[in-house]
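Enquirer: Before I ask anything, let me first share the structure, which is written out below as structure tokens.
Just so you know, all these numbers are worked out from the coordinates, no wet-lab data involved. Predicted model only: the values in this text are computed from it and were never measured. Here the Cβ is made from the backbone with ideal geometry for all residues, glycine too, and neighbour counts use every protein chain on show.
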Amino acid sequence: MRRLREAVLVAAMIVLSGCGHQVTGLNEPNGGIVPSGQTLIRFETDGQPDFNNYKYLIVLNTGGNGHVPYALGYNSNYTDWSFAILVGGGPNFANAPVVFQYFSDASQAGGVNKRTLGYATGTLNFSVLSATSAASYGFDIRFNRCILDFPSPINTTGQPTPAPSPHPVGQSCPPFFYLPSSTWVMNMFSIDSTDTVVDSLGNGPSDVSYPGFTINTAATLNGQSYIKPVTGTSPQNPSAAIYGVVVFSTP
């Protein structure tokens, strides 16, 4: 399946390059351009996603240190995890992604805690890709980056705790007040019904050599992508096997 999809993509690139067109944004509304302050992350799988039996997790390190959020964090101390967007895990979660924030908390083992962030209607949109070709399995998450612009709920500075959000309802970002960096390092995971990570953008679920997928949200991104190399550690179920990621973003 993976080799078939890669062949389809290569063929499309050859045909379109001969016509003077680019593949970037080919099937996206407005050519893949999203409104200012928004980012679209496309989570691609080898087969049609199975939201009843698997969870799909997009993890972001927005701290600016360049470190990769690895799968180890899912079962331990969430080192270098800033935010995560979770889809799946049962029919009630297939159409309602959950957003988590990770923050320092000395009272917790490992020193990191997490909380669920709410978001207003229309600030995060989820859509499953239409399987019109062998290269279109997965889903899109498009969100206003304001939904991540929150301070830690724990006051670690000794100063008065800032308001939960500085943004009036309906205001777009930028400017941002609490996201420390526009450079984000991303990883993605598929998780089975036993809460075991079964795949990532790296070489299997526990790979710590994967260098990370880095995006600059201060720049316009029109289809920045990464295709996971073929390895022998991918899950046999194509619904759980990660194919790659594509990002569209506007400052």
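Enquirer: Mind ordering 228-235, 180-187 by average Cβ neighbours within 10 Å, highest first?
Expert: So the order, starting with the most tightly packed, is 180-187, 228-235.
Enquirer: Of the peptides 101-110, 218-227, how do they stack up when ordered by the mean number of other Cβ atoms within 10 Å, highest first?
Expert: Highest mean packing first, the order is 218-227, 101-110.
Enquirer: Could you check the spin-label model distance between Leu72 and Phe177? Points 7 Å from the Cα along Cα→Cβ, value in nm.
Expert: 3.6
Enquirer: Extension gain Thr220-Thr121, at 0.36 nm per residue separation less the Cα-Cα distance, in nm?
Expert: Full extension from Thr220 to Thr121 adds 33.2 nm.
Enquirer: Give me, ordered by chain and number, the residues 5 or more places off Tyr78 or on other chains with an amide H under 5 Å from its own placed amide H.
Expert: Result for Tyr78 returns Gly73.
Enquirer: Oh, and also: How far is it, in nm, from the label point at Ser209 to the one at Ile154 when both lie 7 Å from their Cα along the line to the Cβ?
Expert: Each label point is offset 7 Å from its Cα along the Cβ direction, giving 3.5 nm.
Enquirer: With contacts defined as alpha carbon pairs under 8 Å and 6 or more residues apart, what's the relative contact order of segment 203-251 in percent?
Expert: Dividing the mean separation by the residue count of segment 203-251 yields 48 percent.
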